[in-house]
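Participant: The structure under discussion is supplied below as structure tokens; questions concerning it will follow.
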Amino acid sequence: MDVILLERIEKLGHIGDVVAVKNGYARNFLLPRKKALRANEANRKIFEANRAQIEADNAARRTDAEKDSEVVNGLTVTLIRQASNTGHLYGSVSARDLAEAIVETKPEAKVTKNQIVLDRPIKSIGISEVRVVLHPEVSVKIKVNVARSPEEAELQAEGVDVMNQMFERDGASFTEDYDPNAEPGLATEAEEAVADADDNAETNSEESL
């Protein structure tokens with residue numbers, strides 16, 4: 001379907017451009033959200049008659065978005081979530097969660113869930129970078145700190161890799177005793193003591209028979 005864009009659409013075109021898009025994309029997104037018009041003769045005349053006003057309205061929205069960007073750009077929001085010992089969340093962080101967290105952190109911010117761009121779902125603890133599109137021509141980035149506790153969030157904010165630190169700690173608890181004087185292939189003193197104890201127990205068992 002050919003449509004006339006009423007605003008800039010990323011990777012598609014600018015105001016007034018006539019572009020070909022898939023029917024579903026036009027019917028389910030562009031047309032109902034008034035981001036485009038069907039590219040027929042009647043709509044072309046309507047667009048040209050109102051072009052100056054459409055561009056002026058877009059410029060005003062862009063100016064407002066640029067002001068909002070000063071509040072949101074570079075912001076870090078923290079979300080405390082339940083997660084497994086491997087750091088996987090029980091669920092995921094949604095665009096709505098992020099929009100609410102932004103407004104909670106900065107009440108003066110004007111952000112909706114539709115302006116949050118999640119390239120992939122956030123399903124584990126850690127710090128992620130997320131893009132927020134305040135206007136088709138204005139976008140900023142925020143940091144999202146997802147942790148299981150405020151203390152853990154603070155560590156991550158300081159640059160600590162909490163999960164890696166935990167794995168290293170768990171791995172250390174399974175480290176075997178090491179005898180630097182032992183030759184390759186020889187048992188350690190502790191291992192020999194255990195073996196001797198087993199031999200004695202076996203001998204005593206045989207003698208009792």
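The values are calculated or read from the model by the stated rules, or taken from the named source; none is laboratory data. These numbers come from a predicted model, not from an experiment. Note: ideal-geometry Cβ built from the backbone for every residue, glycine included; neighbour counts use all protein chains shown.
Participant: How many of the residues in segment 29-45 are part of a helix (DSSP H, G or I) and under 29 Å from the mean Cα position of the chain (by Cα)?
Facilitator: Result for segment 29-45: 2.
Participant: Identify the residue in segment 65-123 that is in contact with a Leu (Cβ under 7 Å, 6 or more places away or on another chain) and charged (D, E, K, R) and, among all such residues, is farthest from residue 161 (Cα to Cα).
Facilitator: Taking the candidates together, the pick is 68.
Participant: Check segment 1-22 and report whether any residue there is in a helix (DSSP H, G or I) and either modelled with pLDDT of 95 or more or assigned by TED's automatic domain parsing to the domain that holds residue 137 (or both).
Facilitator: There is no residue in segment 1-22 that is in a helix (DSSP H, G or I) and either modelled with pLDDT of 95 or more or assigned by TED's automatic domain parsing to the domain that holds residue 137 (or both).
Participant: Got at least one residue in segment 62-70 being without any contact (Cβ under 8 Å) to a residue 24 or more places away in the chain, within 20 Å of residue 121 (Cα to Cα), exposed (fewer than 15 other Cβ atoms within 10 Å of the Cβ) and not hydroxyl-bearing (Ser, Thr, Tyr)?
Facilitator: No, that holds for no residue.
Participant: Among 133, 146, which is farther than 29 Å from residue 59 by Cβ and of a type in the set (A, V, I, L, M)?
Facilitator: Only one candidate passes the filter, namely 146.
Participant: Taking the stated definitions as given, is residue 16 over 27 Å from the mean Cα position of the chain (by Cα) and at positive phi?
Facilitator: Yes.
Participant: Still on this structure, I have one more. Determine if segment 78-87 includes at least one residue that is outside any strand (DSSP E or B), touching a helix residue (DSSP H, G or I) at 6+ places or on another chain (Cβ under 7 Å), surrounded by 15 or more Cβ atoms within 10 Å (Cβ to Cβ) and at positive phi.
Facilitator: Yes, the conditions are met somewhere in segment 78-87.
Participant: So, one more: Within segment 67-117, restricting attention to residues that are outside the structural domain of residue 147 (by TED's automatic domain parsing) and acidic (Asp, Glu), which residue is nearest to residue 152 (Cα to Cα)?
Facilitator: Filtering first and then ranking leaves 70.
Participant: Here's something else I'd like to know. Condition (residue is outside the structural domain of residue 137 (by TED's automatic domain parsing), touching a residue at least 40 places away in the same chain (Cβ under 8 Å) and over 20 Å from residue 137 (Cα atoms)) applied to segment 36-55: is it met by at least one residue?
Facilitator: Yes.
Participant: Yes or no: residue 108 surrounded by fewer than 15 Cβ atoms within 10 Å (Cβ to Cβ) and closer than 24 Å to residue 63 by Cα?
Facilitator: For residue 108, the condition - surrounded by fewer than 15 Cβ atoms within 10 Å (Cβ to Cβ) and closer than 24 Å to residue 63 by Cα - is met.
Participant: Tally time: how many residues in segment 118-137 are within 23 Å of residue 155 (Cα to Cα) and surrounded by 14 or more Cβ atoms within 10 Å (Cβ to Cβ)?
Facilitator: 8
Participant: Considering segment 138-154 alone, what residues qualify as being under 17 Å from residue 86 (Cα atoms) and surrounded by 15 or more Cβ atoms within 10 Å (Cβ to Cβ)?
Facilitator: Residues satisfying the conditions are 145, 146, 147, 148, 152, 153.
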